[in-house]
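Presented below is the structure to which this report refers.
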Amino acid sequence: MQRVKVKELLHWSSKSLANSSSPDIDVWVLLKHALRVDDAWLISNGQTLIKDQDEMRFRELIDSRKRGIPVAYLTNSRQFWSKDLYIDSRVLVPRPETEILVEAVLRCARRFQSPAILELGTGSGAIAIALSSELPDATVTATDISQDALAVAGINLEKHECTSVNLKKADWFSGLESGRFDLICSNPPYVASGDPHLKTPELQHEPESALIAGKDGLDAVRQIVSAASGYLHPRGWLILEHAYDQVMPIQAMMANARFVDIHSEKDLMGHDRVSLGRRPEWPDHAQGRRKPGNADTPIPG
């Protein structure tokens, strides 16, 4: 086999991944992984000849990417909140928009000293690790119904030395103590079972249980919203990520569950991506009868 240069291989591979949404980035990341080098090495070694075994390993990665396997599964790595996470096919690949959920939780957390946080459906542990890194005085309980997902989260907690995060196997609130959390957050499954996007190659490789939530994509949200108040301290917040077109039904669910100060946060595309609601301090507050002296205000953006 005639040896090729780094620059040539990058060019060929980018053309072969033309159907990817980010071919140049995919090729760059996969070549770094195959050669076990960093960005600086690739930038300065465009004319370097690649060893045959390294080229073969890289071409195998490109073939796998052509079949739709996510780059994170091929490299077992994904950046989230500036943390390098271990990722494999047992968990959903963390998305950049989920950082908006983290930001919303952090703003709400300003209201509490040593907040107790519950994350439902932790998957890889990305959200719990991000919150733990920013809130050293917080305690985070992270749950998932999947033992495989908890195993991946455990790897990441150990990697990032997150001793304040407690993992628990649970089906949403099952087995949890009521009324003990200041903040409850979740990036639950919210894709409708008939959504055509599920046929895209990448999503076909990710766990269905982390994606699909009934015919309208709202089954998981319904379960969470209907029960969340029972696990929140008075004035505690519920923060949920969702699809851009689900904001109205989710806010209606929160209102029906007697949450107040309900509002949403937008993603970089201007779409409503995260919705928040607060459990009132007084039961009659939710019915429009504020108790005298209650000065609660919404969390500022």
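What follows draws every value from the coordinates through simple rules; no lab data is involved. In this text the structure is predicted, and so the values were computed from the model without any measurement. Note that we place each Cβ from the backbone using ideal geometry, even for glycine, and neighbour counts take in every protein chain shown.
A few remarks follow.
- FRET efficiency, 1/(1 + (r/R0)^6) with R0 41 Å, evaluated for Thr200 and Asp52 via beta carbons: 0.75
- Cut-off 15 Å, label 7 Å out along Cα→Cβ of Thr139, residues of segment 162-179 by amide N: 163-168, 176-179
- Protection-proxy order for peptides 148-155, 23-30, 3-10, each taking the mean of Cβ atoms within 10 Å per residue, highest first: 148-155, 23-30, 3-10
- Additional length obtainable on full extension of the chain from Asp216 to Thr75, 0.36 nm per residue less Cα span: 47.5 nm
- For Ser229, Ser124, order by how many other beta-carbon atoms lie within 10 Å, fewest first: Ser229, Ser124
- Cα centroid separation, segment 176-236 to segment 38-53 (Å): 43 Å
- Over segment 1-91, equivalent-ellipsoid semi-axes from the Cα gyration tensor in Å: 22, 15, 12
- From the coordinates shown, percent of Cα pairs over 32 Å apart corresponds to which of (i) 28; (ii) 34; (iii) 55: (ii)
- Environment charge at Glu8 (Cβ cut-off 12 Å; Lys +1, Arg +1, Asp -1, Glu -1): +3
- Sorted on the mean count of surrounding Cβ atoms within 10 Å across their residues, most packed first, peptides 232-242, 178-188 read 232-242, 178-188.
- For the chain, with +1 on Lys and Arg beta carbons and -1 on Asp and Glu, the positive-most of Ala255, Leu30, Ser178 along the dipole: Ala255
- Compactness of segment 131-229 as Cα Rg over 2.2 N^0.38 Å, two decimals: 1.21
- Order by protection proxy (mean Cβ within 10 Å, highest first), peptides 197-206, 73-82: 73-82, 197-206
- The alpha carbons of segment 121-166 stretch over 28, 18, 13 Å along the principal axes, in descending order.
- Computed label-point distance, nm, for sites Val37 and Arg3 using a 7 Å Cα→Cβ extension: 1.2 nm
- Taking label points 7 Å from Cα along the Cα-to-Cβ direction, Lys66 and Trp12 give a separation of 1.2 nm.
- Magnitude of the charge dipole for the chain, about its Cα centre and with charges confined to Cβ atoms of Lys, Arg (+1) and Asp, Glu (-1), is about 140 debye.
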